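For reference, the structure is listed below as structure tokens.
Every number here is computed from the coordinates shown, using simple stated rules; none is lab data. Keep in mind that this is a model prediction, so the values were computed, not measured. Virtual Cβ from ideal backbone geometry, glycine too; neighbours counted across all protein chains shown.
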Amino acid sequence: MIRKCALTLGALLLASGCGSGSSHDRASTEGSPSADVSAPASDTAPETADIGSSSPDPTPTTQEPAEETTAEESATSDAPDSWSGSDTTEDDDRSTAGGSQDCGSLAGSGTFTDPLQLGVVDDLVTARDCAPLTSGAPFNVRYFSFTLSGTPGANAHAGASFALTQDALGPVYPAIVQPNGWVLKNSLGSGYWTGTDPDFTGRYQEISDLAPGTYILRTEKLDSPLHSLSTPSYDVVVDAGGS
């Protein structure tokens with residue numbers, strides 16, 4: 001059959017079988033671009049897959065800053081809560097007692113571990129008529145606690161006001177102590193008098209250099225029993241404003 005197609009031209013024209021075979025080959029060859037067309041479609045699929053695989057990435061990125069912000073806010077919110085709680089208690093004590101109050105009405109026993117509470121001091125706080133300090137223990141020292149809510153004024157001071165008498169010649173000496181027992185300002189190492197010798201009217205410590213926080217004012221009798229067996233009654237004064 002293939003030899004006859006090769007021998008005669010007429011046979012070539014009539015050999016539809018040979019012609020259809022070659023045209024079929026051309027058709028299948030011409031059909032190959034359709035495979036090429038389908039190739040880009042297959043290329044498109046990976047691109048779509050890449051986009052799909054990259055889409056989860058923004059989610060962790062968005063969540064991580066949110067978690068960090070939440071942690072920072074909670075840490076920031078914890079601090080104001082702890083401070084506001086202690087300030088609220090002391091503010092309540094101060095609002096009840098007022099700027100000038102009787103020494104006997106203060107909470108506390110007057111020991112170092114249980115000092116008399118003056119509360120938060122924004123300006124001037126006075127505790128009146130504190131009992132005399134004697135030469136015998138445990139009545140030769142009395143402790144007061146106060147809290148500075150802000151930076152003290154340039155003339156801020158804390159100490160004792162008194163009037164010496166013939167029967168009570170012993171002055172009251174103040175010292176500033178931290179709650180952990182560390183002495184910041186000693187009774188004799190610092191401080192100043194008001195009045196003139198021998199008629200002193202008070203002794204004070206400068207507190208303008210103290211940072212906001214809680215401190216203990218220690219009031220004590222340092223004179224020997226030969227000089228005086230007792231101090232007079234006295235007023236405790238803490239002036240954070242320095243008036």
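If you stretched the chain out fully between T194 and T111, how much longer would it get, using 0.36 nm times the residue separation minus the C-alpha to C-alpha distance?
27.2 nm is the gain from fully extending T194 to T111.
Tell me which of S208, S161, G150 sits at the most positive position along the dipole axis of segment 148-243, charges placed on C-beta atoms (Lys, Arg +1; Asp, Glu -1).
G150
Rounded to whole Å and sorted largest first, list the principal axis extents of the Cα atoms in segment 131-243.
Computed over segment 131-243, the largest-to-smallest principal extents equal 41, 29, 23 Å.
Please compute the length gained on full extension between N186 and T201, using 0.36 nm multiplied by the number of residues separating them and subtracting their Cα-Cα distance.
Working it through step by step, the gained length comes to 3.5 nm.
Tell me, in nm to one decimal, what length is gained between D102 and F139 on full extension, where the rule is 0.36 nm per residue of separation less the Cα-Cα distance?
Using 0.36 nm per residue and subtracting the Cα-Cα distance, I get 11.5 nm.
Considering segment 99-168, what Rg and Dmax in Å follow from its alpha-carbon atoms?
13.4, 41
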